[in-house]
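Asker: One structure follows; several queries about it will come next.
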Amino acid sequence: SKIVGPSFRDIAKKHAGSADAVGYLAGKIKGGGTGVWGSIPMPAQPLSEADAKVIAEWLTEGANR
């Protein structure tokens, strides 16, 4: 059962077709946030812009292995 936050596939589905999904998600990964998927905050991640973009691209491509 889900404990916290959405699955990677749920994130991919939510942002499918969005022109700026990679930029938006990379910003959320680096800056953290709350309220998008519920009240539990996601902490900011100390990643480089390039690493955050790689993760965001992977998410938007469906988060396949």
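Asker: What is the one condition in (1) exposed (fewer than 12 other Cβ atoms within 10 Å of the Cβ); (2) touching a residue at least 24 places away in the same chain (Cβ under 8 Å); (3) within 18 Å of residue 63 (Cβ to Cβ) that residue 17 does not satisfy?
Answerer: If we test residue 17 against (1) exposed (fewer than 12 other Cβ atoms within 10 Å of the Cβ); (2) touching a residue at least 24 places away in the same chain (Cβ under 8 Å); (3) within 18 Å of residue 63 (Cβ to Cβ), just (2) comes out false.
Asker: Same structure, new question: Within the set of pairs 6+ apart or on separate chains, which have a first residue in the stretch 32-53 that is at negative phi, a second that is open to solvent by 70 Å² or more (accessible area, probe 1.4 Å) and outside any loop (DSSP other than H, G, I, E, B), and C-beta atoms under 8 Å apart?
Answerer: As it stands, the answer is 34/42, since those pairs meet every condition given.
Asker: Keeping to the stretch 20-34, report how many residues are open to solvent by 80 Å² or more (accessible area, probe 1.4 Å) and either β-branched (Val, Ile, Thr) or in contact with a helix residue (DSSP H, G or I) (Cβ under 8 Å, 6 or more places away or on another chain) (or both). Walk me through it before giving the result.
Answerer: Here is the first cut: in the stretch 20-34, the ones open to solvent by 80 Å² or more (accessible area, probe 1.4 Å) are 20, 24, 34.
With the extra rule that they be either β-branched (Val, Ile, Thr) or in contact with a helix residue (DSSP H, G or I) (Cβ under 8 Å, 6 or more places away or on another chain) (or both), the set shrinks to 24, 34.
Of the residues in that region, 2 qualify.
Asker: Further question on the same structure: Please enumerate the residues belonging to the stretch 35-65 that are outside any helix (DSSP H, G or I), surrounded by 14 or more Cβ atoms within 10 Å (Cβ to Cβ) and within 11 Å of the chain's Cα centre (by Cα). Quick ask: steps written out before the conclusion?
Answerer: First, pick out the residues of the stretch 35-65 that are outside any helix (DSSP H, G or I): 35-48, 61-65.
Applying the additional criterion that residues be surrounded by 14 or more Cβ atoms within 10 Å (Cβ to Cβ) yields 37, 42, 47, 63.
Scanning the stretch 35-65 gives 37, 42, 63.
The values are calculated or read from the model by the stated rules, or taken from the named source; none is laboratory data. This one's a predicted model, so the numbers in the text were calculated from it and none came from an experiment. As a convention, Cβ positions derive from the backbone with ideal geometry for all residues, glycine included, and neighbour counts pool all protein chains shown. Accessible surface areas use protein heavy atoms only, side chains included; no ligands, DNA or RNA. Shrake-Rupley method; radii C 1.70, N 1.55, O 1.52, S 1.80 Å.
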